[in-house]
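Report on the following structure.
Derivation of every value follows stated rules applied to the coordinates shown; laboratory data play no part. Predicted model, so just to flag it, every value in this text is computed and none were measured. Cβ placement follows ideal geometry from the backbone for every residue including glycine, while neighbour counts extend to all protein chains displayed.
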Amino acid sequence: MGIPILSITLASLAVGAAASFVAGSRARWVALATALVFVAETAAMFLGAWGPALAPGQVPVGDAETYRWISLPWLQVNYALGVDGISLVLILLTAFLGLATIVYSWNESHRPGPWFGLILLTLLGSVGVFSALDVLLFFLFWEAVLVPMFFIIGYWGGPRRRYAALKFFIYTHVASVVMLVGLLVLVFYSGSTSLDYSALVARAPALPIVTQSVVFLALLFGFGVKFPVVPFHTWLPDAHVEAPTGGSVLLAGLLLKLGGYGLIRWGILLVPGGFLHLDPIVYVLAFLSIAWGSVVALAQRDMKRLVAYSSINHMGIVLLAIAVHSSLGLLAAVLLMFAHGVVSGLLFMVSGSVHHTFGTRDLASLGGITPGTPFLATMIMIGSLASLGLPALVSFPAEFGALLATYVAVSYWVLIPLLILVVTAAFYLWMMQRLLFGPPRGLPAEGAHDLPFFERAGMAVLVVPIVLFGILPGLLVTVIANSPIRGYP
Amino acid sequence: MVDFVALLSTFLPEVVIAAAALLVFLLDVLGVRRTEVTAGVSAAASLLALLFVVADLGIAPFSAVATLPSGLLDSSPASASTSLYAFTSLGLVFQMIFLSATFLVSLASASRPSAEPGAPTFFGLLLLASVGMLFVAVAADLIFLLLAIEITSVSTYLLVAYRRRDRRTIEAAMKFYIIGALSTVLSFFGASLLFGAFGTTNLYAIALAPATPSAALVLVGYAFLLAGLAFKVTVVPFHAWAVDVYDGAPDDVSAFLAGGTKKIGLFAFFLVFLGPVLLARWATSFSPFGLGPFNAHPVFQLVLGALAVLTMTFGNLLALWQKEIKRMLAYSSISQAGYMLIGIAIGTSPAIAGATLQIFAHVLMKTGAFLVVGAVAALGIGPLVDDWRGLGQERPYLGVAFALMLLGLAGIPLTVGFVSKFVLFSAAIQAEGYFVWLAVAGVLNSAASVFYYARVLKAMFFERSDRPAAPSNAGRLGANGLGYGRAAAIAIIAVVVVLLGIYPGPLLSVMQSAAQHFVLLGP
């Protein structure tokens, strides 16, 4: 068992969060230190988890820890943690985004203590979700992400922040309790008394198809709202537009990934029968999300809204790659989650910076900003190009893999997402053309110049993985493959 | 010849509380009217009685005990079937719950002004009501049970009305009294029908009755009992009185009513209905109204399950529309009763354990919530949600405490309210069949309830107060104007709510084994 690195990570984030809350104006230093420690711990996790490959039905083994928490004759709950390649890559994403967000919001002057504390709590919850191996523990971390984000939006957000925060909370809370019921049905109908993942993954796939299908529907709803899948997506634009920049970065970069991770780990791996039975529904939802996100994004004038809708589009591709149900598809899905995490993080940062610098995010009233703010313009360029899937940036291998897997599975249907991707490329190109080139429009706010150092540094933290893993996606792929994905066809 | 010494030692907790009640009245007569003294007597007595009960349970506090000593039930079902009372471990767990409510309310009321007319009477009545509650928990006979409920009821009618000059409380007391009398009549009528059918009013004897002589009589009798007890538990459609009474009663009394005395009705539900719910042996020998063989077992479950869903949905829907905090809490209390009924409808030991924890959680959170309401009212802040704007920033201590209570009531994780609902709904799913839908209904209800709790939190933490200035403290009261007693009670509750939310294991184990005993031994 060795060193309980996962518990240490969670504990260090918790201590950091608590310290930030009381540190007042020095909270940013506490938060930075905590984030750096978290990065180091993530590296340690990679070293510790380099284990054997896993087949479907197997449990993540890296850094595993188990302690008994509640013990009744009919119900055993464990504090059980463990990671595999999928979790590790997403924890890595958490580390990048956490560090970037903290650095980016270095100058937060409105109640800095709670601000940094809540960000660290969000990270804590996410790491917990990515590593929990017990139904109750998973649910606790899942909900634990909600609460800090509720306050981040509600306190630091835009004019309609209270409405957005409440909507976000209600939507995701309803979804999560439905998910919990689904998982509990799995536990008890498979004749188990333990909420442990290993017990679940050993028994649940053997349940009758009807049970599996009903449970899968509940789980699809539960995780789909977080994704967000199109009929359940309406909380997202509100939450994103009203959230402060740091909140948006975590929301898009991290919270949406919880949905994808949940669907893979706690959905299709537990009820493969139900999933295959209802796969057409998943395809339809994926196509819907891809199309809807893209078309609506095209009609947006607010830069942040545009990025938010493009998130729906990208997460739709993730769902499509999951729906394909192949080794390649799942690999691409996880890779794309990582890619979208860093890219959308960067894009939300630049739209935040555009807002700070020019006092507006309205694309129609901005233009030709490159001469005045070259660094910002470069970042917009990198973010947009990465988002539209330019080769040598991190999204390309992921999207390529997803589309390839779709083609292998459903042949010419791949044309739907492919054509929509052209639209996606179009709206990013259109945005760049409006914003970066042409005659200057929109005046910088009084005394504003190119970005302050911390905003630059925050963006730089995210550019590193965008470029690094764009050129060397193999690094991530090797890690991701060290998971149950490997057992798929 | 009755051995009085033995009898007294058997009923040690009850004796302690009754003696304290008499002492309080005596002190009043002797002219000792300082609230601190009477409150101290009341709190100390309930704490002492609580210790006796815990000792009876044979558990050292905070140690994880998987099973209770099996000799705990003094009387086997056979001997209990001729007795008026029987000590079951579940009954003791409930005594624990009741006494904690009494203790908390006594502590919190220590800061009420001594000059208030009838202040000592308040504590005397509180203790008398507690005596009744303790007897409910050990009842083995229907008449004993109903009389014990009556002791509590009569005391609480007076408690609601003890502020004699206040028209609002008098109106509430009148409503409470009339409805209470009606429910008593219904219950006793039901009991008399059951006596006609079985020739006994002993619950154990009824449960053990080989065949039911007159099925129609039994069904009608249980229907009347159900109606009578449903008033006490505020089951929809027998709930209408509760909101007016909780709203009109003084805040500490509301806390005691919603948090404490309402729960005796639930334990009475356990006693009265687990017989028919658990005993499938009635299934075959049952032919009401000459309609041929009829399986009463699922019918009881269905009726209770339907009432549970109706109660929680209705309570939640109405809570959504409330503008006054106290009325919102009252409706939320109704909906919470619905969750507890789920456990009774299912009747398995996990479900009973879950319902018991839910009852305990509700005692803590609802008592705490009403105490905060009382504290806020004492600061001169109005009763509407809008009046509470910005309170979380002005009074972080009260704000955070109230937030914890509401989060617990909403079933948000890391509070005991979440754990209890989690166990209860897990038990429903574990029971399979259509009980899963009870769990789904419960879960959706609890998710919907977040909405109205969150509205209050939003007002308290996100919105600015439009009050001219922070209201002045009452001055003579310590702990920031709240009074030390009330502040302490609220703090204790808040800590326990979180503590049990994080580490519920030992308590849950005790409740589980108590529930197992209960199910094994019959009603």
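Worth pointing out:
- Euclidean distance of C-alpha centroids, the range B:393-466 and the range A:17-34, integer Å: 30 Å
- When the Cα positions of A:Tyr171, B:Gly265, A:Ile322 are compared along the charge dipole of the protein assembly as shown, A:Tyr171 comes out farthest toward the positive end, with charges on each C-beta of Lys, Arg, Asp and Glu.
- Taking A:Tyr407, B:Tyr331 and counting other C-beta atoms within 10 Å, the order from fewest to most: A:Tyr407, B:Tyr331
- Three principal axis lengths of the range A:222-349 [C-alpha, angstrom, descending]: 42, 23, 23
- J(HN,Hα) series, the range A:378-390, from Karplus relation 6.51 cos²θ - 1.76 cosθ + 1.60, nearest Hz, glycine and proline x: 4, 5, 4, 4, 4, x, 5, 5, 5, 5, 7, x, 6
- Positive minus negative residues near A:Ile86 (Lys, Arg vs Asp, Glu; Cβ under 12 Å): +2
- Remark: A:Leu72, B:Leu22 ranked as B:Leu22, A:Leu72, counting other beta-carbon atoms within 10 Å and listing the fewest first.
- Over all directions, the projected convex hull of the C-alpha atoms in the protein assembly as shown averages 42.1 nm² in area.
- In plain terms, the bigger the Kirkwood radius, the slower the diffusion; for the range B:8-521, with that radius from Cα pairs, at 20 °C and 1.002 mPa s, Stokes-Einstein puts D at 94 µm²/s.
- Taking the fewest neighbouring Cβ atoms within 10 Å as the starting point, the ordered list for A:Asp196, B:Asp141, A:Asp362 is A:Asp362, A:Asp196, B:Asp141.
- Normalised by 2.2 N^0.38 Å, where N counts its residues, the alpha-carbon radius of gyration of the range B:176-259 equals 1.33.
- Whole-Hz couplings from phi, Karplus 6.51/-1.76/1.60, listed for the range B:222-229; x for Gly and Pro: 5, 4, 5, 4, 4, 4, x, 6
- Per the Debye calculation on the range A:133-284 with a single equal scatterer at every Cα and no solvent contribution, log₁₀ I(q)/I(0) for q = 0.12, 0.13, 0.18, 0.19 Å⁻¹ amounts to -0.51, -0.58, -0.97, -1.04.
- Beyond 29 Å in Cα-Cα separation lie the following of the pairs A:Lys257/B:Lys366; A:Lys167/B:Lys232; A:Lys167/B:Lys326; A:Lys304/B:Lys323; A:Lys304/B:Lys421: A:Lys257/B:Lys366; A:Lys167/B:Lys232; A:Lys304/B:Lys323; A:Lys304/B:Lys421.
- Distance between the pseudo-spin-label points of B:Ala491 and A:Ser25 (7 Å out from Cα toward the beta carbon): 3.1 nm.
- With all projection directions averaged, the alpha carbon convex hull of the range B:1-60 covers 5.2 nm².
- Average beta carbon contacts from partner chains per residue of B:457-464, 10 Å cutoff: 3
- Peptides ranked, highest mean first, by Cβ atoms within 10 Å: ranges A:156-167, B:34-45, A:307-318: A:307-318, B:34-45, A:156-167
- Cα coordinate range in the range A:90-153, projected on the principal axes (Å, largest first): 39, 23, 14
- Kirkwood-based shape ratio for the range A:301-378, expressed as Rg/Rh from alpha carbons: 1.13
- Number of partner chain Cβ atoms within 10 Å, mean per residue of B:420-432: 5
- With Rh defined as the Kirkwood radius, the inverse of the mean 1/r over Cα pairs, the Rg/Rh of the range A:271-318 is 1.17.
- Max-minus-min Cα coordinates of the range A:284-489 on each principal axis give 59, 32, 20 Å, with the largest extent listed first.
- Translational diffusion of the range A:108-189, estimated by Stokes-Einstein from the Kirkwood radius over alpha carbon pairs at 25 °C in a medium of 0.890 mPa s, is 178 µm² per second.
- Computed over the alpha-carbon pairs of the range B:86-156, the distance histogram in 10 Å steps reads 21, 45, 25, 9, 1 percent, short to long.
- Here B:Ala240 and B:Tyr434 are evaluated by their C-beta separation; at R0 = 41 Å the FRET efficiency comes out at 0.90.
- Neighbouring Cβ atoms from other chains, within 10 Å of the Cβ of residues in A:66-76, number 6 on average.
- Computed over chain A, Cα set: Rg, Dmax in Å: 21.3, 73
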